[in-house]
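Engineer: One structure, pasted below without further comment.
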Amino acid sequence: MIYKNEKSLINIIKYTPFIFIISLSLIISISLYFQKQNELEIEKESIKKEYLEKNQELIKSEVENLYNFIIRTQEKTEEKLKNSIRQRVLEANNIALRIYNENKDTKTKNEIIKMIKDALVDIRFNDGRGYIFIYGFDYECILLPIDRENEGKSVYDFQDSKGLYLGREIVKSLQNNDEAFLTWHFPKPENLEEKDFKKIGFNVHFKPYDWFIGSGEYVVDFEKNMKEEILEYISKLKTNENDYFF
């Protein structure tokens, strides 16, 4: 009996340290494993947070830049419209001056007028909406491509939808200037019920015959063109299916 107890005691003394070491190692390993996993999870969340914050700032910056681009484009719409109209009218005026100067000594006034009208009547721009008109400082309509029947008639009493005497105002604007812009309001042919569409016009004094040569454009139509240009620009900013502006 004593022998058996001694043997058991010896076994306990012999194996306990080993079992203790194994158990302790296992506990430490498990503890280190979970500690490492926790550190990795914390690091992963930190990377994820940093990534999200970085990309949120990037997206925010890109959207704000695009927004500011649209605002700047919108603010410059009327300026671009004015430049477009002015360029076309000055071109028409140069054509008329060249015809006059090349023929003033060999042809009659009526022949030259016909030549000028024939040269300008088919000019179109801004997607076909823009055209060149000619009126005299005596308010006679010389050329109106969209309504030839009004040529030869007076526009002295013609008013826009807000009561502005358009012909009189144009003549007044050119009395001390060779060229001038003017804004008026008029219905659109496809929307006669709405009378307050803003229109911007540009006129230049054609001195040989005391005319004004000009053109006008509805702001809303030009804005539509600008919107289409912006949308086309935005569509080209897309780099892949998951990266796009809307």
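The values are calculated or read from the model by the stated rules, or taken from the named source; none is laboratory data. It should be emphasised that the depicted structure is a prediction, and the values quoted were computed from it without experimental measurement. FYI the Cβ positions are ideal-geometry reconstructions off the backbone, even for glycines, and counts take in every protein chain you see. The accessibility values were calculated without ligands, DNA or RNA, using every heavy atom of the protein model including side chains. Shrake-Rupley method; radii C 1.70, N 1.55, O 1.52, S 1.80 Å.
Engineer: Among the residues of region 195-202, is any acidic (D, E) and out of contact with any His (no Cβ under 8 Å at 6 or more places or on another chain)? Before you say what the answer is, go through the steps one by one.
Structural biologist: At the first step, the residues of region 195-202 found to be acidic (D, E) are 196.
Narrowing the set further to residues that are out of contact with any His (no Cβ under 8 Å at 6 or more places or on another chain) leaves none.
So far as region 195-202 goes, no, none of its residues is acidic (D, E) and out of contact with any His (no Cβ under 8 Å at 6 or more places or on another chain).
Engineer: Right, here's the next one. Consider region 160-180. How many of its residues are surrounded by fewer than 15 Cβ atoms within 10 Å (Cβ to Cβ) and closer than 20 Å to Y218 by Cα?
Structural biologist: The total comes to 3.
Engineer: Quick check on my filter: what residues within region 111-122 are assigned to a loop (DSSP other than H, G, I, E, B) and open to solvent by 40 Å² or more (accessible area, probe 1.4 Å)? Walk me through it before giving the result.
Structural biologist: Taking region 111-122 as the starting set, the residues that turn out to be assigned to a loop (DSSP other than H, G, I, E, B) are 121-122.
Residue satisfying the conditions is D122 alone.
Engineer: So is E50 among the acidic types (D, E), surrounded by 10 or more Cβ atoms within 10 Å (Cβ to Cβ) and without any contact (Cβ under 8 Å) to a residue 12 or more places away in the chain or not? Talk me through it step by step, then tell me what you get.
Structural biologist: Working: among the acidic types (D, E): yes; surrounded by 10 or more Cβ atoms within 10 Å (Cβ to Cβ): yes; without any contact (Cβ under 8 Å) to a residue 12 or more places away in the chain: yes.
Considered against the rule, which asks whether it is among the acidic types (D, E), surrounded by 10 or more Cβ atoms within 10 Å (Cβ to Cβ) and without any contact (Cβ under 8 Å) to a residue 12 or more places away in the chain, E50 comes out as yes.
Engineer: Residue under question is V63, and the condition is that it be among the hydrophobic types (A, V, I, L, M, F, W, C) and open to solvent by less than 40 Å² (accessible area, probe 1.4 Å); does it hold?
Structural biologist: no
Engineer: Looking at region 95-110 only, could you name the residues that are part of a helix (DSSP H, G or I) and open to solvent by less than 90 Å² (accessible area, probe 1.4 Å)? Can you show your working first?
Structural biologist: Start the filter on region 95-110 by keeping residues that are part of a helix (DSSP H, G or I), which leaves 95-103, 109-110.
Scanning region 95-110 gives I95, A96, L97, I99, Y100, N101, N103.
Engineer: Open to solvent by less than 80 Å² (accessible area, probe 1.4 Å), over 30 Å from K117 (Cα atoms) and modelled with pLDDT under 85, is that true of S31? Give the derivation first.
Structural biologist: Working: open to solvent by less than 80 Å² (accessible area, probe 1.4 Å): yes; over 30 Å from K117 (Cα atoms): yes; modelled with pLDDT under 85: yes.
Criteria met by S31.
Engineer: Go through (1) of a type outside the set (A, V, I, L, M, F, W, C); (2) exposed (fewer than 13 other Cβ atoms within 10 Å of the Cβ); (3) over 30 Å from P208 (Cα atoms); (4) in contact with a helix residue (DSSP H, G or I) (Cβ under 9 Å, 6 or more places away or on another chain) for T73 and report which single condition fails.
Structural biologist: Going through (1) of a type outside the set (A, V, I, L, M, F, W, C); (2) exposed (fewer than 13 other Cβ atoms within 10 Å of the Cβ); (3) over 30 Å from P208 (Cα atoms); (4) in contact with a helix residue (DSSP H, G or I) (Cβ under 9 Å, 6 or more places away or on another chain) one by one, T73 breaks only (2).
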